[in-house]
Amino acid sequence: MDSRWSGRDADSVIARYAERGVNRDLALRVYTSRLLGQDPRLVLHGGGNTSVKTVATDLLGDRVEVLCVKGSGWDMAAIEPAGLPAVRLAPLLRLRGRDALSDEDMVNLQRLNLLDSAAPNPSVETLLHAFLPHRFIDHTHAVAVLAVTDQPDGEARIRDLYGDRVAVVPYIMPGFALAKAAAAAYEASPGVDGMILLKHGIFSFGDDARDAYERMIALVSRAEDYLSRGRLSRGERTLVSAVLPERLAAVAAVAPVVRGALALPEGAGAFRRWVLEFRNDAAVMGFINGRDLARYAQAGVATPDHVIRTKGKPLLLAAPAADDFAGFAATVRTALADYHAAYQGYFARNNARQTVPKKPLDPVPRVVLVPGLGLFGVGKSAEEASVAADIAEAAITTITDAEVIGRFESIGEADLFDMEYWSLEQAKLGRAVEKPLARQVVAITGGAGAIGRATAAAFLREGAEVALLDLDGAAVAAAAQGLGKRVLGLTCDVTDAASVRAGFDRICQRFGGLDIVVSNAGAAWQGKIGDLPDELLRRSFELNFFAHQTVAQNAVRVMRAQGTGGCLLFNVSKQAVNPGPDFGAYGLPKAATLFLSRQYALDHGGEGIRANAVNADRIRSGLLTEAMIAERSRARGLDEAGYMTGNLLGREVTAEDVAQAFVHQALALKTTAGVTTVDGGNIAAALR
Ligand SMILES: [Zn+2]
């Protein structure tokens, strides 16, 4: 690992922040914190922290010594000065003389001494930073260092590796006791460059930013070299492989089975679902195909704060043999039931020793390992699933290296529980309110059109994960990008069964499955029915009827694999119930599609799959173009505004109104075989 320090970059950061009144110390603190935070071998997703001791002016104009330390909720990769709140140093130092301090009192005292009352909570490791004398202090959970310390003889290995360059601190949970132990360890050997916290991570320090940073790089590099020597002496780079079935089931088939099994029933057809993120790079495969997977994968976390994002253990499944997929699906449910029982046992055992009983967390794993296939990160959103997968990958690097040089060993169960059920974490429970469609995945066909995009935006606002499918690849990519990085855009010809199947497979790979389908793609053809070319009517049936059937069938296939119900929504248009002149080519297949939605409601209601339709009219879209609006207005002797507002309410109906109707139907858990009319009022087209 090389130092990425650049004098020029450092100077430009200092100059840029000086214009905003940020002093040199804090600017450099931001600069090297980012250097550390941007390297996943050192820091991941809010892990690690840094500080600088400097002087600041408070609101009374007094110059005070402060500790600027990473605030909770900030990621070092993109930290700003606001992410390093200033805390008065003197009161922090006075705490050193105490014998004990609760986490709540510690947080309270830290907040009371912030210079800005609106600043985020200073890191739980604030006192450790305060008690050490150095101006710049860097802390990471470097994967290479963890591989050396996460061993039964980790302390001896660390002492061998670093000699008197580092102080060694035994495992203690972050907080006051750890801060005191670390300060004592430093004072016993004050010449050191850094400090190893066994089974937790590494600190480096110095009197300027570059020293502290480059000491971190040097110390971590030494661990990396030690690991490479270990690999060479063993003559191999990977773990010993297990024997796997010859033909494995595909990710797209496995993911919905896993996702469905993970969902927690909440009664009345509702489920607490999860979103998955799949990974299968070479490092993951070497790890999950290892002969001793069951031992090392279940041995615990690589560093304690991973437990908050990944729980203590992943769910370990059997390799999914393609020729016995039904057998695999059955074992998933059993493995998960065993996981729940083991987690509840762990909770009960450790809760019994608490003076204040803890609130149990859900028993759902956040990482699922499937030998032969890959791993799934699990979260309540795609973003959270991706964080879990990132942390799982970092842990895999640590554990693989640890196994190559020795045997991976984590902290004990009691320490793990104390971290997972930390009072500061427990206090956050129940505070976040989830959006109504959070944890659900929606696929929208005709996704690049006006109604498709408006529908995607409406489902995103309600918290859903969104996949857009459209025939126009460039348009769907642009639409997905325009809606944000969470949205998946896929090229798909809904009239081609193989294309639809491939699209649904991609959705299952990306999110783990799906819950709602908005079958919206369509196109209008015109002509008097008596003169209509047969070929044109058949073409319209392909898109406006058979494509809906292909999409719905694929959705039902995935929903069945999940076993958590689902929702099919069809865009049927006013033509389905009220024919317009010369519009038979469009209205006939749409009428069949309205019937199709009722058939799905009837045949699949018993599986918890609902089917509803939206019957909309006069929406500016690819179907009703500006040219058509002009032509129809003329034919009716109206101006355009008069034509577009020609309904009982006298208001133009928009794509957003249609989108809202789809959202409403997705949320109405007791509504199936329904039709929602979105046309501003048209008695002739009203359903009877
Ligand atoms: Zn830490």
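With the requirement that a residue be within 16 Å of the ligand (Cβ to nearest atom) and farther than 21 Å from Leu89 by Cβ, what does segment 16-37 give you? Passing the criteria: Leu36, Gly37. Within segment 161-169, the presence of at least one residue that is under 24 Å from Leu35 (Cβ atoms), in a helix (DSSP H, G or I) and open to solvent by less than 10 Å² (accessible area, probe 1.4 Å) is confirmed. Answer with yes or no whether Ala179 is assigned to a helix (DSSP H, G or I) and either open to solvent by less than 50 Å² (accessible area, probe 1.4 Å) or over 29 Å from Ala82 (Cα atoms) (or both). Taking the combined requirement at face value, the residue satisfies it. Which residue is farthest from the ligand (Cβ to nearest atom), if the candidates are limited to segment 38-49 and must be more than 16 Å from His129 (Cβ to Cβ) and not charged (D, E, K, R)? Ranking the candidates gives Gln38 first. So is Arg16 at pLDDT 95 or above, open to solvent by 10 Å² or more (accessible area, probe 1.4 Å), over 15 Å from Arg135 (Cβ atoms) and not in a strand (DSSP E or B) or not? Spelling it out, Arg16 is indeed at pLDDT 95 or above, open to solvent by 10 Å² or more (accessible area, probe 1.4 Å), over 15 Å from Arg135 (Cβ atoms) and not in a strand (DSSP E or B). Scanning segment 625-658 for residues that are free of Cβ contacts under 8 Å to residues at least 40 places away in the same chain, within 39 Å of the chain's Cα centre (by Cα) and surrounded by 15 or more Cβ atoms within 10 Å (Cβ to Cβ) gives Glu652, Val653.
Of the residues making up segment 317-332, none is more than 13 Å from Val258 (Cβ to Cβ), hydroxyl-bearing (Ser, Thr, Tyr) and either out of contact with any Gly (no Cβ under 6 Å at 6 or more places or on another chain) or surrounded by fewer than 20 Cβ atoms within 10 Å (Cβ to Cβ) (or both). Each residue in segment 162-194 was checked for being in contact (Cβ under 8 Å) with a residue 40 or more places away in the chain, within 14 Å of the ligand (Cβ to nearest atom) and touching a strand residue (DSSP E or B) at 6+ places or on another chain (Cβ under 8 Å), and 3 pass. For segment 582-596, indicate whether the set of residues that are assigned by TED's automatic domain parsing to the domain that holds Cys508, surrounded by fewer than 24 Cβ atoms within 10 Å (Cβ to Cβ) and of a type in the set (S, T, N, Q) is non-empty. Checked segment 582-596: no residue is assigned by TED's automatic domain parsing to the domain that holds Cys508, surrounded by fewer than 24 Cβ atoms within 10 Å (Cβ to Cβ) and of a type in the set (S, T, N, Q). Of the numbered criteria (1) assigned to a loop (DSSP other than H, G, I, E, B); (2) out of contact with any Leu (no Cβ under 8 Å at 6 or more places or on another chain), the one Pro436 fails is (2). Considering only residues in segment 114-131 that are hydrophobic (A, V, I, L, M, F, W, C) and within 14 Å of the ligand (Cβ to nearest atom), the one that is most open to solvent (accessible area, probe 1.4 Å) turns out to be Val124.
For Leu89, the requirement of being closer than 27 Å to Ala394 by Cα, more than 16 Å from the ligand (Cβ to nearest atom) and surrounded by 17 or more Cβ atoms within 10 Å (Cβ to Cβ) is not met.
Residue check: Asp138 meets all listed conditions (1) open to solvent by less than 20 Å² (accessible area, probe 1.4 Å); (2) away from the ligand (no atom under 16 Å from the Cβ) but one, namely (2). Set side by side, the residues Ala252, Ala261 differ, and just one is more than 16 Å from the ligand (Cβ to nearest atom) and touching a Gly at 6+ places or on another chain (Cβ under 9 Å), which is Ala261.
So that you can scan it fast, the table gives a plain yes or no per residue for (1) away from the ligand (no atom under 16 Å from the Cβ); (2) surrounded by fewer than 20 Cβ atoms within 10 Å (Cβ to Cβ):
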residue	(1), (2)
Gly286	yes, yes
Ala294	yes, yes
Thr303	no, no
Thr334	yes, yes
Gln344	yes, yes
Asn350	yes, yes
Asp362	yes, yes
Pro365	yes, no
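Looking at Arg539, is it open to solvent by 50 Å² or more (accessible area, probe 1.4 Å) and within 25 Å of Val275 (Cα to Cα)? Judged against the criteria, Arg539 is not a match. Please determine, by comparing only the residues of segment 196-229 that are within 16 Å of the ligand (Cβ to nearest atom) and of a type outside the set (A, V, I, L, M, F, W, C), which one is farthest from the chain's Cα centre (by Cα). Taking the candidates together, the pick is Ser204.
Evaluate segment 50-58: report whether one residue or more is part of a strand (DSSP E or B) and either out of contact with any Lys or Arg (no Cβ under 9 Å at 6 or more places or on another chain) or within 16 Å of the ligand (Cβ to nearest atom) (or both). Scanning segment 50-58, I find at least one residue that is part of a strand (DSSP E or B) and either out of contact with any Lys or Arg (no Cβ under 9 Å at 6 or more places or on another chain) or within 16 Å of the ligand (Cβ to nearest atom) (or both), so the answer is yes.
Exactly one condition in (1) away from the ligand (no atom under 16 Å from the Cβ); (2) open to solvent by less than 50 Å² (accessible area, probe 1.4 Å); (3) modelled with pLDDT of 95 or more is false for Val107; which is it? With (1) away from the ligand (no atom under 16 Å from the Cβ); (2) open to solvent by less than 50 Å² (accessible area, probe 1.4 Å); (3) modelled with pLDDT of 95 or more applied to Val107, the lone miss is (3). Restricting attention to segment 545-560, does a residue exist that is part of a loop (DSSP other than H, G, I, E, B) and surrounded by 24 or more Cβ atoms within 10 Å (Cβ to Cβ)? Scanning segment 545-560, I find no residue that is part of a loop (DSSP other than H, G, I, E, B) and surrounded by 24 or more Cβ atoms within 10 Å (Cβ to Cβ), so the answer is no.
Scanning segment 583-628 for residues that are closer than 27 Å to Ala270 by Cβ and charged (D, E, K, R) turns up Arg598, Asp603, Glu607, Arg610. When the residues of segment 59-74 are filtered to those that are open to solvent by less than 80 Å² (accessible area, probe 1.4 Å) and within 16 Å of the ligand (Cβ to nearest atom), which remaining residue is nearest to Ala90 (Cα to Cα)? The qualifying residue nearest to Ala90 (Cα to Cα) is Val69. Selection within segment 204-235: residues that are touching a residue at least 12 places away in the same chain (Cβ under 8 Å) and outside any helix (DSSP H, G or I). The member of this set that is surrounded by the most Cβ atoms within 10 Å (Cβ to Cβ) is Ser204. When the test is whether a residue is without any contact (Cβ under 8 Å) to a residue 60 or more places away in the chain and in contact with a Leu (Cβ under 6 Å, 6 or more places away or on another chain), Ala335 passes it.
Candidates are the residues of segment 305-325 that are acidic (Asp, Glu) and touching a residue at least 60 places away in the same chain (Cβ under 8 Å); the one that is farthest from the ligand (Cβ to nearest atom) is Asp323.
Can you spot a residue in segment 176-189 that is in contact with a His (Cβ under 8 Å, 6 or more places away or on another chain) and over 27 Å from Val107 (Cβ atoms)? No, segment 176-189 contains no residue that is in contact with a His (Cβ under 8 Å, 6 or more places away or on another chain) and over 27 Å from Val107 (Cβ atoms).
The values are calculated or read from the model by the stated rules, or taken from the named source; none is laboratory data. These numbers come from a predicted model, not from an experiment. Counting neighbours? That spans all protein chains shown, and the Cβs are built from the backbone with ideal geometry, glycine included. When the accessible area is computed, the model is the full protein with side chains, heavy atoms only, and any ligands, DNA or RNA have been set aside. Shrake-Rupley method; radii C 1.70, N 1.55, O 1.52, S 1.80 Å.
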